[in-house]
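Nothing in this text is a laboratory measurement; each read-out follows from the coordinates by a stated rule. Everything numeric in this text was worked out from a predicted model, so none of it was measured. Cβ: placed from backbone, ideal geometry, glycine included. Neighbour counts: every protein chain shown.
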Amino acid sequence: MQQRIVTDVRRTEESVLATNKVLRNTYFLLALSVAFSALTAYISMAMNLPRPGLIVLLVGFYGLLFLTHKLANSPLGILSTFAFTGFLGYTIGPILNMYIGAGLGDAIVLAFAGTAAVFFACSAYVLTTKRDMSFLSGMLFALFIVLVIGVIASLFFNFQGLHLAISALFVLFSTGAILYETSNIVHGGETNYIRATISIYVSLYNLFISLLSIIGASRD
């Protein structure tokens, strides 16, 4: 009986150490990815590069996303992570130039501050309470379906109200995704820090773009 208790305690300790390692590696790689993404965005702005077309954006996004998930269990997964986040940084550059050109540089600062605040608040909540947020999976799936329909509709109906509604839903979806993914790491559901990094990064990217759109529209 005593030996069994000792074994269970040892397994628990090993599980906690493994979880902490995944969490630590995820945040470290996420910080590097965000910094690299900011660098590519700056280069894109400085060179005044044009916004990529829809086809280039979709192929680059989903192609690099698939490659990163495919290589997540190998050292090459880190390189594909930087390729993915660097590409998204490049796509942000022309958008930021557009806002700066319109005299809305402060909107960028507010959107960045809001994104950082949401991320730190969600992470702190999950890490301190250790609450299991797996119950959000159903809501996130429903929001995803609504967002897909909304994005398709926006291709045919170009009016500001629809775009603002989609941006607001993306804010909710991204916030929920950060809570869910952080909880998934804490409770051992996600053991690969590369996949975890990509998931949180995409949420931060969508959150920043959506907040920027909302703030910009309110200042229009």
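Here are some notes:
- The residue list LEU172, ASN97, THR68 was ranked by how far each Cα lies along the charge dipole of region 48-200 toward its positive end, using unit charges on Cβ atoms, and THR68 comes out on top.
- For the options ILE78, ILE108, ILE149, a Gaussian network treatment of the chain with springs between C-alpha atoms closer than 10 Å singles out ILE149 as fluctuating the most.
- Pairs of Cα atoms farther than 23 Å apart, region 69-187, %: 51 percent
- Considering only HIS163, THR81, THR40, the residue lying farthest towards the positive end of the dipole of the chain is THR81, judged by Cα position with unit charges set on Cβ.
- Rounded to the nearest 20, the Cβ-based charge dipole of the chain about its Cα centre (Lys and Arg +1, Asp and Glu -1) stands at 320 debye.
- Length-normalised contact order of region 47-175 in % [C-alpha pairs under 8 Å, at least 6 apart]: 19 percent
- Kirkwood estimate for the chain, i.e. one over the average of 1/r between Cα atoms, Å: 18.8 Å
- Within the chain, the whole DSSP H helices whose Cα atoms reach 18 Å or more along their own axis and whose mean Kyte-Doolittle score is at least 1.0 are 54-70, 76-101, 105-129, 136-156, 160-186, 193-218.
- For region 17-120: rounded, prolate or oblate by the Cα gyration tensor [a/c cutoff 1.5]: oblate
- Among residues other than ALA196 with Cβ under 9 Å from its Cβ, the summed charge is -1 (Lys and Arg +1, Asp and Glu -1).
- Between TYR62, TYR27, TYR42, the residue with the greatest mean-square fluctuation in the GNM of the chain (Cα pairs under 10 Å linked by springs) is TYR62.
- Summing +1 for each Lys or Arg and -1 for each Asp or Glu among the other residues whose beta-carbon sits under 14 angstrom from that of HIS187 gives -1.
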